[in-house]
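Please read the structure below before turning to the comments.
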Amino acid sequence: MLEDRRRDRHKFIKHVLCYKCDQVPEKHVKVPFLIEIHDISYGGLGIVTDYRMYKDMVLYFRLDIDDLRREFAVQVKWCKYEEGRFSSGVEFQDVVKDDIIFLHRIVHPLE
């Protein structure tokens, strides 16, 4: 698979609940469902789920770190089956300045 990353990814392990999902081509995806985040960048996430994600699906979830929380929408860019689960690359949608500041605390926690 061709890598299409524009930004470096950083290891970040977190479980979040996807509470809404748009553009679902099949009814097999039941909301809410658990997303395991494995890595993060300013542009997106590497995630693992029990469900197959389809290109262009949009997932919505809340991300908490320390005393801060933000709501995010991500669009699925690719999905592949690995070791009994589905790994996907997703891209943040409609990111604003406060989202970047929040993500900076994760991507570069010591700065």
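Figure legend. Inter-residue proximity from region 12-23: first residues without any contact (Cβ under 8 Å) to a residue 60 or more places away in the chain and polar (S, T, N, Q), second residues loosely packed, with under 12 Cβ neighbours inside 10 Å and part of a loop (DSSP other than H, G, I, E, B), beta-carbon distance below 9 Å, spacing 6+ or different chains. Indicated pairs: Q23/D56. Scanning region 81-110 for residues being loosely packed, with under 12 Cβ neighbours inside 10 Å and within 15 Å of the chain's Cα centre (by Cα) gives a total of 1. Name the single residue, out of those in region 45-80 being modelled with pLDDT of 95 or more and among the aromatic types (F, W, Y), that is surrounded by the most Cβ atoms within 10 Å (Cβ to Cβ). So, considering only residues that are modelled with pLDDT of 95 or more and among the aromatic types (F, W, Y), the one surrounded by the most Cβ atoms within 10 Å (Cβ to Cβ) is F61. Please verify whether region 84-102 includes one or more residues that are over 14 Å from E36 (Cα atoms), touching a helix residue (DSSP H, G or I) at 6+ places or on another chain (Cβ under 6 Å) and either hydroxyl-bearing (S, T, Y) or free of Cβ contacts under 8 Å to residues at least 60 places away in the same chain (or both). Checking region 84-102: not a single residue is over 14 Å from E36 (Cα atoms), touching a helix residue (DSSP H, G or I) at 6+ places or on another chain (Cβ under 6 Å) and either hydroxyl-bearing (S, T, Y) or free of Cβ contacts under 8 Å to residues at least 60 places away in the same chain (or both). Checking each residue of region 84-101 against the condition of being in a helix (DSSP H, G or I) and of a type in the set (A, V, I, L, M, F, W, C) gives at least one match.
Among the residues of region 46-78, those that are within 15 Å of P25 (Cβ to Cβ), not basic (K, R) and not in a strand (DSSP E or B) comprise Y51, M53, Y54, D56, M57.
Does region 17-41 hold any residues that are at pLDDT 90 or above and surrounded by 18 or more Cβ atoms within 10 Å (Cβ to Cβ), and which are they? C18, C21, I35, I37, I40, S41, listed by residue number.
The values are calculated or read from the model by the stated rules, or taken from the named source; none is laboratory data. Computed from a predicted structure; not experimentally measured. When we count neighbours, we look across all protein chains shown, and the Cβ atoms used for this are built from the backbone with ideal geometry, even at glycine.
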